[in-house]
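The values are calculated or read from the model by the stated rules, or taken from the named source; none is laboratory data. Only a predicted model underlies this, so the values are computations on that prediction, with no experimental measurement involved. When we count neighbours, we look across all protein chains shown, and the Cβ atoms used for this are built from the backbone with ideal geometry, even at glycine. Surface accessibility is based on the protein's heavy atoms, side chains included, excluding ligands, DNA and RNA. Shrake-Rupley method; radii C 1.70, N 1.55, O 1.52, S 1.80 Å.
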Amino acid sequence: MAKHGKSKQEIYDYVLTEYLPEKYPFSIDKDMEYLRKHYKWTEKCSDTVPAAMRCFYESHDYESFMRNVFSFECDSDTFGAIAGGVAEEFYHGFGNLNGEEIVREYMDEELGKILFGK
């Protein structure tokens, strides 16, 4: 949806129809304050997807999306995988973040060789 120019509200509405508030405890209709208090790591996509998408919904750029993800207890790599692509497409990239530079700074040399071939 983000790739095809849909608004945040249209994306929100779609996720809301797929993960109804009365059926899912972490529906996208729960704000970040609620999620920070109540969300606990779970392996269920029905809990994770709407919460990850809320991180996107309450962001204003890619960095704020990532800050939302890291602001509460969650499986952050899974959240990033679920909603990170939506955020990247919606914001047309990472903004001022240099992803390769960040990865090189925190990745050990052996993994860097695998990823970058150097």
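Considering only residues that are in a loop (DSSP other than H, G, I, E, B), open to solvent by 80 Å² or more (accessible area, probe 1.4 Å), out of contact with any Lys or Arg (no Cβ under 8 Å at 6 or more places or on another chain) and farther than 17 Å from Lys3 by Cα, which ones fall in region 71-118?
Matches in region 71-118: Asn96, Asp108, Lys118.
Mind listing just one residue for me: the one in region 48-70 that is more than 27 Å from Leu20 (Cβ to Cβ) and aromatic (Phe, Trp, Tyr) and, of those, surrounded by the most Cβ atoms within 10 Å (Cβ to Cβ)?
The residue in question is Tyr62.
Please give the number of the condition Ser27 fails out of (1) open to solvent by 20 Å² or more (accessible area, probe 1.4 Å); (2) not in a helix (DSSP H, G or I).
Evaluating Ser27 over (1) open to solvent by 20 Å² or more (accessible area, probe 1.4 Å); (2) not in a helix (DSSP H, G or I) leaves (1) as the failure.
For region 32-53, state whether one or more residues are over 13 Å from the mean Cα position of the chain (by Cα), part of a loop (DSSP other than H, G, I, E, B) and β-branched (Val, Ile, Thr).
yes
Which members of region 43-61 meet the condition of being more than 14 Å from Ile82 (Cα to Cα) and touching a residue at least 12 places away in the same chain (Cβ under 8 Å)?
Within region 43-61, Glu58, Ser59, Asp61 meet the criteria.
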